[in-house]
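Heads up: the structure comes next, in C-alpha cells.
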Amino acid sequence: MKRPLDYDSSLRYIEIIMKKLTTSEIRETFLSFFESKECTRVKSSSLVPINDPTLLFTSAGMVQFKDVFTGIEKRPYTRATTAQKCLRAGGKHNDLENVGFTARHHTFFEMLGNFSFGDYFKEEAIAWAWELVTEKFQISKEKLHISVFREDDQAYDIWHKKIGIPKERLYRFDEADNFWSAGDVGPCGPCSEIYIDRGESYNTGNPDLDRMGGDGPRYLEFYNLVFMQFNRDAQGNLSPLPKPSVDTGMGLERVTSILQDKQTNYEIDLFQPVFAAIESVAKKKYVPEQNENKDTVAMRVIADHLRATSFLIAEGVLPSNDGRGYVLRRILRRAVRYGKNLGLNTPFLFTLVESLVSSMGKAYPELKEKQSFIQEAIRAEESKFFETLEKGLSLLETEVKKLKPGEKLSGKTSFLLYDSFGFPLDLTKLVCQEYKVGLDEKQFDLLLEEQRQKSRGPKDAKNSATNTAAWSVIEKHAETKFLGYEAFSSEAKILTTLSIDEDNYILTDKTPFYAEGGGQKGDIGWISVDGTKVSRVLDTIRPIPNYFVHRVELLPAELAVGKTVSLEVDKENRLSTMANHSATHLLHWALKKVLGEHVKQAGSLVSNDLLRFDFAHFKPVSDAELKLIEDMINNEIFQANSLQTKIMDRDEAITAGAVALFGEKYDDKVRVVAIGDGFSTELCGGTHVSNTMEIGSFVIASESGVAAGVRRIIAYTRKTAYEYLRERSAAMDELRRQLKAASTAEAIEKIDKIFASEKELEKRLKQLEADSFKALAKTIFDQKKEINGHIIISTILPEGGIEALKQVGESLKDRLTSGVAILGAKNLAENKGYLMILVTKDLTNSYNAGKIIQTVAPIFGAKGGGKPEQAQAGGQVEGLEEALEKALSSLEKS
C-alpha cells in the first residue's frame, strides 16, 4: 500500500495526541524553541500597561514592545520571545459578550510570540514558524494552509519556493485579513497566517463558513506572523521602515486545543480543574462540546471570568465604578449572574480560586502568592452584589416580560438597575437578549452623563484653569527648569503672566517651587523684587507636563514679563511636606510587610500638615497591626537612615524592584527614591528629606474604609505629630481629673466599671419595659368583647410606637387561644401610625388578617400585608382610628 506524502509526520502527530502534551509543556516548547534561535526570553508584562495610560489592558504580546518597535526605547536585545498574559474586555478589544457562546473567545488568554526589532525578517520568521509547527509540534504538513497579503510576493515566494507549500494551499487575502497597522498612521505591514484544516467533520454546511479563511470551525488560524516594514503617513502613503521588524502571535489555548485534539479551547487540560470545582459547588455536570447547553455556557463563562478576575486582582486592580476597576466589576458580576443560572444563590466564585491556582500557579506564581487576597477581594464583591441581585433581577424580569420581542427596555430602567442595584449595562443587556428584547442605550448614556455632571459639581479655580485652552500660550516658551531638589530659593525670569477664572499666574524660566503632582501639594511662598516681597505664591501647578506655574495673590506692575525676580519657597511648609512624603514611602513599605504584598497604593495626599494614604486591603487594620506599623516606621526614623535619589532608565529601575504605580505615565528616565539600604524603593518625582531623622516622629491618627477593598490611613509627622500627641495627652489628663484617677490604667478601670453598670441598667430597664408591656397586654385582654361569638380585642396603645405594638402583640398571642386582636400604635414625634391584626389559626377561614389590613391601610396612608394569621401596616397618625374602626366593623359583617 502506498504511503501518504506525509506519512511519518502524521505518525508523529498521532503520537503527540496520544501523549497529550499539557498546556504547560506546549508553552515551554515554544519559548525554548525560540531561545534556541537566540531570542531572549522576556517575562510577561503586567495586564495593566505600566507606561501606557492610553490602553486599559495588555491585549497582545507586542504591547510591552511598542516603544521598542518605534525606536523610542532601546533594549539590550533585538530578538525576543514571550508568553504574554492578555485581556480583551474593554475598549477597542472587547470579547466579553462572546465568551461562553463560542469555542474560542476569552477575556483572559495567553499569547505566545516571537519578535524581531530590526533583526531577522520574513525568511527566518517563516522558516522558524514552519519548523516549530511541523517538527516541534509535529502537526501534519498536509493539514496546514497559509495566507499572505495579496501584494506580498516576497512572503508568497518564501512559502512556495523555499518551504514548499503547494499553490493550492497558499492563499492571497485582502488588506482586511492580512495587513496589520497600529492605527491610522505609524508602523504597519503585511502579515502571513498559518491555518490547520481540522477535517470535514467540522463543516457547518454553509460554504461561506466552511471555506479557507471563513469564520467556520474547519479552517482554524493559529499563528500570525506580522511583518512591520512600512510607515503610513497622514495622507495614507506608505514608506519603507529603515529597520523592518517582526511581531508574531500564537494563542496558547487555541494551539493547545489543536495539539490535544479538542473541539473547543474549554476542553483543554488547563480548564479541567476549574470545571471540576464548578461541578462540585453547582452539583451539575459539565457537558463538553455542547455550545447550546445552558449549563455548559454558564460554566464556561464562570471558568473564563474566574481567570480574568483573579489575574487582574493579583496585579492590583480592584472593583470600582470607573476605568479598569469597572471592567473587573462587570466581569465578576457577569460570572455571578451565570452562577445564579446554575442555582448558586450565595457567594461561590471566591471558592474556585484554589482550582485556578492548582492549574496555573506554577506558570504564574503571583496567583499562589496572593491567593488569599484574591479570594477575599472576590468574596467581598460577590457579597455586595448578592445583596441586590435578587431584587434587581426581579425588577428587570418584570419589566422585560411586559415587552414584546423586538421592543426595547427603557434606558430609565437600565439606569435604575445600574445606579441602585449595581447592574453593569452589559449584564442588563444579557438578560434582555435572553428575553429577545432590545435596550435603549442612548437614554441610558444620557442619564449616566447627567449623573456624572451632577457629581462633578462646581469646579474650583485650579481645576477650571487646568482644563482650559488658555494654558496653550505657555507652550510657546521653553519648559521650566526645576531647582527644588537642591534649593529653596532662586532668581528667575518671568516668561509670561496670565489671569484665568479670576486667578493670577506667573510662568518663569526656572523655579524652586514644586508643582502639585504624585499626591504632593504644590509649594507656597513669595516673589520678591529688589529684596521686597511683592506677591505671595498661593499654589504651584503643572497644567501642562514640565511647565511649573505659580498661582499668585497679586499681579503688581513689578511682575512684568522679562523681569528677573527672586522666588522663595515657604521653607517650613516644604520641610513638613517633605517629611510627610518620605513617611508615606515608609508607610507603604510597612503596610506591605505587615499586611502582605497585595497592598497597593490606591491614592495619596501629601501636604504640610498630614499624609493620607489609600491602599488595597479588604478588612480593617487591627489595633495590633497599626501599632506594629507605627513602631516599624518610627524605628526606621530613629535609625537615621539616609535617602538616596538617582536617575535611572525606567525599565532598569522597575526590574531592580522599584515600585511603580499602574496606569501612571513615566518618562524613559525616572527618579528613584531609596531609603536606607533600599528596603523602600519607589519611582517618585516628589521632594523628600535627606535623612529619616528629619521626619521627627510618625503617628497614625485614623484608619478607615473609603470604598470596597480600599482602606485609608491618616498620619502626622514632625510638629503636627507632636501637637496631636499633646492634645491626646491633655484629653487624657482631663479624663483622669474628671474620674479622679491617679493613672491612665485606673481611669480605664473606672470607665470599664461605668460601662458595666450602664449595661446592667439597660438590662434592667428592658426587663421593666417587657414587664410593663405584659401588664398592658393583660389589661387590654381583660377588656375583650364578643362579636359573632368570637373574642375580639381592639385598642390603640397609649405610647411606645412600633416597639410597643410588637411586644404587646406577642404577649396577646400567648393569651388569645381563639379570637381576633386589632391593635394600633402611634409615634407622634415622627407622625407615624401603625396597625396590627392577629387572628388565631382556628378562625382564619372566617377572618383573613392580610386581606383586612390591605383593605383598611389606605385610610391612614399606609401600605401593608401579611399572612391570614398576622398582618401589619405603617402609615400616618391621621386616619389611624378610622382604619381601626373599619377593621372592627368588617369583623361584625363577617
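Overview of values
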| quantity | calculated |
| --- | --- |
| Strands (runs of 3 or more DSSP E) contained in the range 669-761 and holding at least 1 residues crowded, with 16+ Cβ neighbours inside 10 Å and in contact with a Gly (Cβ under 8 Å, 6 or more places away or on another chain) | 669-675, 680-683, 710-717 |
| Filter pass, Glu450 being acidic (Asp, Glu) and modelled with pLDDT of 90 or more | no |
| One residue from Glu151, Glu135, Glu168, Glu123 being surrounded by fewer than 16 Cβ atoms within 10 Å (Cβ to Cβ), assigned to a helix (DSSP H, G or I) and touching a residue at least 12 places away in the same chain (Cβ under 8 Å) | Glu123 |
| Set Lys368, Lys408, Lys402: member being open to solvent by 40 Å² or more (accessible area, probe 1.4 Å) and over 26 Å from Tyr435 (Cα atoms) | Lys368 |
| Matching residues in the range 49-84 - criterion: being part of a loop (DSSP other than H, G, I, E, B), hydroxyl-bearing (Ser, Thr, Tyr) and either modelled with pLDDT under 85 or surrounded by 20 or more Cβ atoms within 10 Å (Cβ to Cβ) (or both) | Thr54, Thr58, Ser59, Thr70 |
| Ser310 being open to solvent by less than 10 Å² (accessible area, probe 1.4 Å), under 23 Å from the mean Cα position of the chain (by Cα) and of a type in the set (Ser, Thr, Tyr) | yes |
| Residue count for the range 337-350, restricted to those that are under 18 Å from Phe275 (Cα atoms), surrounded by fewer than 18 Cβ atoms within 10 Å (Cβ to Cβ) and either of a type in the set (S, T, N, Q) or within 17 Å of the chain's Cα centre (by Cα) (or both) | 1 |
| Single residue of the range 171-221 satisfying the filter (of a type in the set (A, V, I, L, M, F, W, C) and not in a strand (DSSP E or B)) that is least open to solvent (accessible area, probe 1.4 Å) | Met212 |
| The range 232-264, residues that are among the polar types (S, T, N, Q), within 36 Å of the chain's Cα centre (by Cα), in a strand (DSSP E or B) and farther than 14 Å from Lys122 by Cα | none |
| Selected residue [under 15 Å from Lys571 (Cβ atoms) and not β-branched (Val, Ile, Thr)] from Tyr514, Tyr505 | Tyr514 |
| Top-ranked residue of the range 604-662 - restricted to ones that are among the β-branched types (Val, Ile, Thr) and under 27 Å from the mean Cα position of the chain (by Cα), ranked as farthest from Glu381 (Cα to Cα) | Thr655 |
| Matching residues in the range 824-860 - criterion: being surrounded by fewer than 15 Cβ atoms within 10 Å (Cβ to Cβ) and under 20 Å from Ala804 (Cα atoms) | Leu828, Ala829, Glu830, Asn831 |
| Selection within the range 765-802 - open to solvent by less than 90 Å² (accessible area, probe 1.4 Å) and under 55 Å from the mean Cα position of the chain (by Cα) | Glu769, Ala770, Asp771, Ser772, Phe773, Ile796, Leu797, Gly800, Gly801, Ile802 |
| Residue match in the range 139-156 (condition: farther than 25 Å from Phe69 by Cα and in contact with a Leu (Cβ under 6 Å, 6 or more places away or on another chain)) | yes |
| Set Lys863, Lys867: member being open to solvent by 60 Å² or more (accessible area, probe 1.4 Å) and out of contact with any strand residue (DSSP E or B) (no Cβ under 8 Å at 6 or more places or on another chain) | Lys867 |
| The range 803-823, subset β-branched (Val, Ile, Thr) and open to solvent by less than 20 Å² (accessible area, probe 1.4 Å), residue farthest from Gly850 (Cα to Cα) | Val808 |
| In the range 411-432, the residues that are open to solvent by 70 Å² or more (accessible area, probe 1.4 Å) and modelled with pLDDT under 85 | Asp419 |
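Let's see how each residue does on (1) buried (at least 22 other Cβ atoms within 10 Å of the Cβ); (2) assigned to a strand (DSSP E or B); (3) at negative phi; (4) not small (Gly, Ala, Ser):
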{"site": "Arg551", "(1), (2), (3), (4)": "no, yes, yes, yes"}
{"site": "Glu568", "(1), (2), (3), (4)": "no, yes, yes, yes"}
{"site": "Arg574", "(1), (2), (3), (4)": "no, no, yes, yes"}
{"site": "Asn580", "(1), (2), (3), (4)": "yes, no, yes, yes"}
{"site": "Ala583", "(1), (2), (3), (4)": "yes, no, yes, no"}
{"site": "Leu591", "(1), (2), (3), (4)": "yes, no, yes, yes"}
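The values are calculated or read from the model by the stated rules, or taken from the named source; none is laboratory data. All figures in this text were calculated on a predicted structure; none of them were measured in a lab. FYI the Cβ positions are ideal-geometry reconstructions off the backbone, even for glycines, and counts take in every protein chain you see. The area values use the complete protein model at the heavy-atom level, side chains included, leaving out ligands, DNA and RNA. Shrake-Rupley method; radii C 1.70, N 1.55, O 1.52, S 1.80 Å.
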